[in-house]
Amino acid sequence: MKDNYRFGTKAVHIGCEPDYTGAVSPPIYMVSTFKQPDAYMSGKYIYSRSLNPTRERLEKSIAALEEAKYALAFSSGMAAIDAVLRILNPEEHIIALDNLYGGTFRILNKVYNRYNIKVSYVDLRNPEIIDMYIKPETRMVYIETPSNPLLKIVDIKRISEIAHQHNLLVVVDNTFATPYNQRPLTLGADIVIHSLTKYLAGHSDVIGGAVALNDDELYEKIMFIRSSTGGVLSPFDSWLTLRGIRTLHVRMEKHNYNAMKIAEYLNEHEKVEKVYYPGLKEHPGHEIARKQMITPKGEPGFGGMVSFKIRGGIKETVRFLESFKVILLAVSLGGVESLIHAPITGIYRHMPREEVEKMGITENFIRFSVGIEDVEDLIEDLEQALKRI
Ligand SMILES: *Cc1c(COP(=O)(O)O)cnc(C)c1O
């Protein structure tokens, strides 16, 4: 399989090449250990914590889609994030976007703080601001774009230029955009992180994570960390994710389309106070998003996540969220089915309420993972739920 095929062809075929049997669906190597050709253990595969052929197929696929030299699959998005943070030494410093997935805040503030890793949370929508926060011990710039759940857009190219002048590593959590809409390594980032749980697996049936990168030394380092700490993706979950990826391009087209329609609908609704979607002209990151969120067809792809504030407080939010007939009330995102919830009652319930509200995540703030159902049914469902508040 050539590497220079187009995105959809790569999604369908890379990692799924027939083996010696001719099977057009890849085999699952449900195995922990491999018989060795000699006493020096010189086989390619030795033990599945380090290398497993099914996981290796998935990694080949992710690397191809992210235009990366390497990818590594982990047992969750958090295990992938943990492995990347473990390249830091105690006392080192991170400059991070001030809006990140709640679990990322949690691991930084409650786990890595104990190893004296320091974090400055900064509004990196202005990349030039980095200079103000750099210290001798700064090692890494960590961003999400679009961010979870505020959908802030950060200019990956500009951030990378500035960070690299200071020898800082640029890490981009690309979970929301997916490689279909955005390929951060091609814009200058050093490391891409994914929660495979979301769009890549795409069917709400897997917990998994991945790291994609080009640098040989960094790859060896993260591979060593993964083999040592053991957060690997199982052969079966690797297979499920690989199967999910085979339709990524088709699903993302529909997610992009549906989310744009929903954002426009909500934007006009009298019971909606504000809509956060980078595809809307009034979104402060719209111009940058139009440049860096480009599908392989060359068109802008703003993703399937829409956040919004309804008019009201917790009472209205509860009534709204409990009225849906098609859309499911659940955390997580990126599956074929639409999921909705209020982040303040999700992962942010572990954080002090004032801090969360200060970030802009209020009681009436809703995060909507727009699925690939018929958009008319989703709009009808939203319409009847908005009538109840
Ligand atoms: C869900 C998510 C994670 C964590 O991934 P898990 O697979 O749940 O461990 C990390 N980053 C973002 C942006 C996410 O949405």
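The values are calculated or read from the model by the stated rules, or taken from the named source; none is laboratory data. No experiment lies behind these values; they were computed from the predicted model shown. Here Cβ is always computed from backbone atoms with ideal geometry, including for glycine, and neighbour counts include all displayed protein chains. Note: accessible area is taken over every heavy atom of the protein model, side chains too, but ligands, DNA and RNA are not part of it. Shrake-Rupley method; radii C 1.70, N 1.55, O 1.52, S 1.80 Å.
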Exercise for the section: Would you kindly derive the ³J(HN,Hα) couplings of the range 92-98 from the backbone phi angles with the Karplus curve 6.51 cos²θ - 1.76 cosθ + 1.60 (θ = phi - 60°), listing them in order in whole Hz, with x for Gly and Pro? Expected result: 7, 10, 10, 9, 10, 4, 7
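If you place +1 on the Cβ of every Lys and Arg and -1 on the Cβ of every Asp and Glu, how big does the dipole about the Cα centre of the chain come out, in debye to the nearest 20?
440
Output the pairs from Lys110/Lys291; Lys261/Lys309; Lys69/Lys297; Lys281/Lys309 with a Cα-Cα distance over 24 Å in this structure; if there are none, say none.
Numbers: Lys110/Lys291 36 Å; Lys261/Lys309 17 Å; Lys69/Lys297 22 Å; Lys281/Lys309 18 Å.
Going by Cα-Cα distance, Lys110/Lys291 fall outside the 24 Å limit.
Rg to Rh ratio, the range 160-277, alpha-carbon atoms and Kirkwood radius?
On the way: Rg = 17.5 Å, Rh = 16.6 Å.
Radius of gyration over Kirkwood radius for the range 160-277 works out to 1.06.
Provide the per residue accessible area, probe 1.4 Å, for the range 7-245, rounded to a whole number of square angstrom. Spell out each step's value before the answer.
Working: 9510 Å² over 239 residues.
For the range 7-245, the per-residue accessible area is 40 Å².
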Fill in the blank from the handout: Rounded to the nearest 5, the percent of antiparallel DSSP beta bridges in the chain equals 55
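Using the Cα gyration tensor of the range 61-187, with a ≥ b ≥ c the square roots of its eigenvalues, what is the shape: rounded (a/c below 1.5), prolate (a/b larger than b/c) or oblate (neither)? Walk me through the numbers on the way to the answer.
Numbers: a/c = 1.45, a/b = 1.17, b/c = 1.23.
In terms of gyration-tensor shape, rounded.
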Exercise for the section: State, to one decimal in nm, how far the label point of Ala23 lies from the label point of Glu354, with both points 7 Å from Cα in the Cβ direction. Expected result: 5.8
Exercise for the section: Sum -39500 (n - 2.57) across every DSSP H segment of at least 4 residues in the chain, then divide by the residue count to get the 222 nm mean residue ellipticity, nearest 500. Expected result: -9500 deg cm²/dmol
Fill in the blank from the handout: Simple SL model, points at 7 angstrom along Cα→Cβ for Lys274 and His166; separation in nm is 2.8
Handout entry: Separation in nanometres of the label points that stand 7 Å from Cα toward Cβ, at Lys297 and Phe236
Key = 3.7
Problem - Helix 235-245 axis, angle to the chain major axis (alpha carbon atoms, nearest 10°) - result: 50
Exercise for the section: Under a cut-off of 15 Å between alpha-carbon atoms, report the aspartates and glutamates in cross-link reach of Lys325, not counting same-chain residues fewer than 8 places apart. Expected result: Glu337, Glu373, Asp374, Glu376, Asp377, Glu380, Asp381, Glu383
Completion exercise
If one compares the long axis through the Cα atoms of helix 216-229 with the longest principal axis of the Cα atoms of the chain, the angle in degrees, nearest 10, works out at 90
Problem - Helix 375-387 vs. the chain, principal-axis angle (Cα, 0 to 90°, nearest 10) - result: 50
Exercise for the section: Among Leu85, Leu65, Leu100, pick out the residue whose Cα is farthest towards the positive end of the charge dipole of the range 59-106, where Lys and Arg carry +1 and Asp and Glu carry -1 on C-beta, about the Cα centre. Expected result: Leu65
Exercise for the section: For the chain, divide the Cα radius of gyration by the Kirkwood radius and give the resulting Rg/Rh value with two decimals. Expected result: 0.97
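Kindly identify the range 335-382 as rounded, prolate or oblate by the Cα gyration tensor criterion: order the square roots of the eigenvalues as a ≥ b ≥ c, call it rounded if a/c is under 1.5, otherwise compare a/b with b/c, prolate if a/b is larger, else oblate.
Numbers: a/c = 4.12, a/b = 2.58, b/c = 1.60.
Judged from the Cα gyration tensor, the range 335-382 comes out prolate (a/c at least 1.5, a/b above b/c).
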Problem - Where trypsin sites (Lys or Arg not before Pro) in DSSP loops with at most 14 other Cβ within 10 Å are excluded, longest remaining stretch of the chain - result: 70-280
Problem - Full-extension gain in nm, Met132 to Phe224, via 0.36 nm per residue minus C-alpha separation - result: 29.7 nm
Exercise for the section: Counting other Cβ atoms within 10 Å, keep those with at most 16, restrict to DSSP loop, and tell me which GluC sites (Glu not before Pro) in the range 253-348 are left. Expected result: Glu268, Glu270, Glu282, Glu322, Glu337
